[in-house]
Structures are given as C-alpha cells and as structure tokens.
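Notes follow once the structure below has been shown.
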C-alpha cells in the first residue's frame, strides 16, 4: 500500500496550477500510483457550491478541499489540490493537520499574468468589474518556505513536472525509479 501525500498547488489565477497539477497527476498515474486531482475551479461547482469570495468563504472553500485531501492522504492516495488559497495561515493549518503535505508555489509576475489573462479575469478586475479579485483587490500571501517553487513565466511544463518529481524524490515521497517508497 502506498503512503498518501497531499501536493498543494498555490498561486495566483492563471499561474498554471490546474494545468501542471493535471500533468503531474497523469505522470504519477503512469507510474501506477493512486492519484486524485482537485481543481479549485471545478471543486467550487461541486463540493463548494454556494460559497462566494469573501475571506470567510475562501477559508471555508480551502478547508473543505483540505478535509478531502486529508482523508485521501490518510488512506494512501496522492491528493493533488490546485487552488489559489490566498491566505498563508489556512495553508499552514492544512500542513499541520494533514502532515504529509508538500506545498508547490506557482510563482508568476503579475504583469505576465495580466498579459496571459486566459480567462479575461484580470482585465475585468483591473476595470473594477470583479470585486475581491485575488492579487488585484484582495491579498495573496505567498508561501514563505514552499517545498517547491515553479516560475511558470520561465519554466516549461516538462521542466516543472521534472522539478516536482525530483523534489518528491528528495523528500522521500517517491524513489529514484519513480515508485513510491512504501508501494508494493
């Protein structure tokens, strides 16, 4: 039975959390591991339906995702969460509760995110059309000591996945062969 772990992707909207978390999840599945990926946007329509974007609702959203990740981790699954999770205290609380927690910070300069603006959200937020937009009108508190930092403005997806896998190996989550240490 594999040892569970939570890989928590945090960063501003458009930084690549969802894309990279799905690629990493696929790579770990190729290695035969049990993996669940939680995309913050999708989770908001299911597990966290009805929550808004106030500080309290954002904390509740992250708390619910974290609870599910904790259960999966405890039961030998690699839980991958991709959520902005703007408040450091909330992420630190999850780390303490879950234990086997790896924080992956998707760093990307704001000007690059505004230029990318895949969903058109930054344009609307800068025009005042979206209140409480993280990184513009609401705060984002970057992690102080994440296990992995990915600069999505300069690293390719392949480089990013490789960097995360290498760090997971260094942390003892996976072996050099890509198998989980306690697997099989």
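The values are calculated or read from the model by the stated rules, or taken from the named source; none is laboratory data. What you see is a predicted model, and the numbers here were worked out from it, not measured in a lab. Positions of Cβ are backbone-derived with ideal geometry, glycine not excepted, and every protein chain shown enters the neighbour counts.
Among the residues making up region 5-56, those that are in a helix (DSSP H, G or I), at pLDDT below 80 and surrounded by 14 or more Cβ atoms within 10 Å (Cβ to Cβ) are 40, 43, 44. Within region 62-76, the only residue that satisfies the criterion of being surrounded by fewer than 16 Cβ atoms within 10 Å (Cβ to Cβ) and within 15 Å of residue 9 (Cα to Cα) is 63.
Of all residues in region 82-115, those that are within 20 Å of residue 136 (Cβ to Cβ), in a helix (DSSP H, G or I), in contact (Cβ under 8 Å) with a residue 40 or more places away in the chain and in contact with a helix residue (DSSP H, G or I) (Cβ under 7 Å, 6 or more places away or on another chain) total 1. On inspection, residue 79 passes the criterion of being over 13 Å from residue 17 (Cβ atoms), in contact (Cβ under 8 Å) with a residue 40 or more places away in the chain and either touching a helix residue (DSSP H, G or I) at 6+ places or on another chain (Cβ under 7 Å) or part of a helix (DSSP H, G or I) (or both). Per the conditions (1) under 19 Å from the mean Cα position of the chain (by Cα); (2) surrounded by 14 or more Cβ atoms within 10 Å (Cβ to Cβ); (3) not in a loop (DSSP other than H, G, I, E, B), the sole criterion not satisfied by residue 125 is (1).
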